[in-house]
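First comes the structure, then the notes that go with it.
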Amino acid sequence: MAKITWLGEPDGPGVTVWNGVEFPAGVPVETSNPYFARKAAGNPFFLVEPDDPHDPPSADGEKLAAVHRGRGSWSIMRGAVEISSSLTKADAEAFNALTGDEKEAFVGGGSA
């Protein structure tokens, strides 16, 4: 089950409501809805994190990939779940050039 955190806004409200779900700023909210987690992962105002960041690929074959999250931010993602953040573009390109086994070893080894 993914946890979605609304990052909030400086001088903004302390809570936001999205799709009928209330998100207090900085407080993780659990969801079992993969569509909702995917949408939040693509939104720069939200952070999506797994219960265990080293979960194996899901049954639908979600793979590890470094993706651009907006505003120059790159993250290693497994589907909609963020595994690691704050990568440079060069680091992201290097990660994406690795084989699947190399990516798993990199993340599993705690290097990400």
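Derivation of every value follows stated rules applied to the coordinates shown; laboratory data play no part. On a predicted model such as this, the values are computed, not experimentally measured, just so you know.
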Task: Estimated vicinal HN-Hα couplings, Hz - segment 73-79 in sequence order (Karplus 6.51, -1.76, 1.60; Gly, Pro = x) - done: 9, 10, 9, 8, 10, 10, x
- [ ] For GLU82, enumerate residues with amide H under 5 Å from its amide H, sequence gap 5+ or separate chain, H modeled in the peptide plane.
- [x] VAL48, GLU49
Open item on the list: Can you tell me the length gained on complete extension of the stretch GLU30 to GLU102, counting 0.36 nm per residue apart and subtracting the Cα distance?
Closed with: 22.9 nm
Task: Directionally averaged projected area (convex hull, Cα atoms, segment 64-112), nm² - done: 3.0
TODO: Step through the residues of segment 15-20 one at a time and calculate ³J(HN,Hα) from phi using the Karplus curve (6.51 cos²θ - 1.76 cosθ + 1.60, θ = phi - 60°), rounding each to whole Hz and writing x for Gly and Pro.
DONE: 8, 9, 10, 10, 6, x
Task: Cut-off under 5 Å, modelled amide H: who pairs with GLY8 long-range - done: GLY26
Open item on the list: Over all directions, the average projected area of the alpha-carbon convex hull for segment 1-51 comes to how many nm²?
Closed with: 3.2
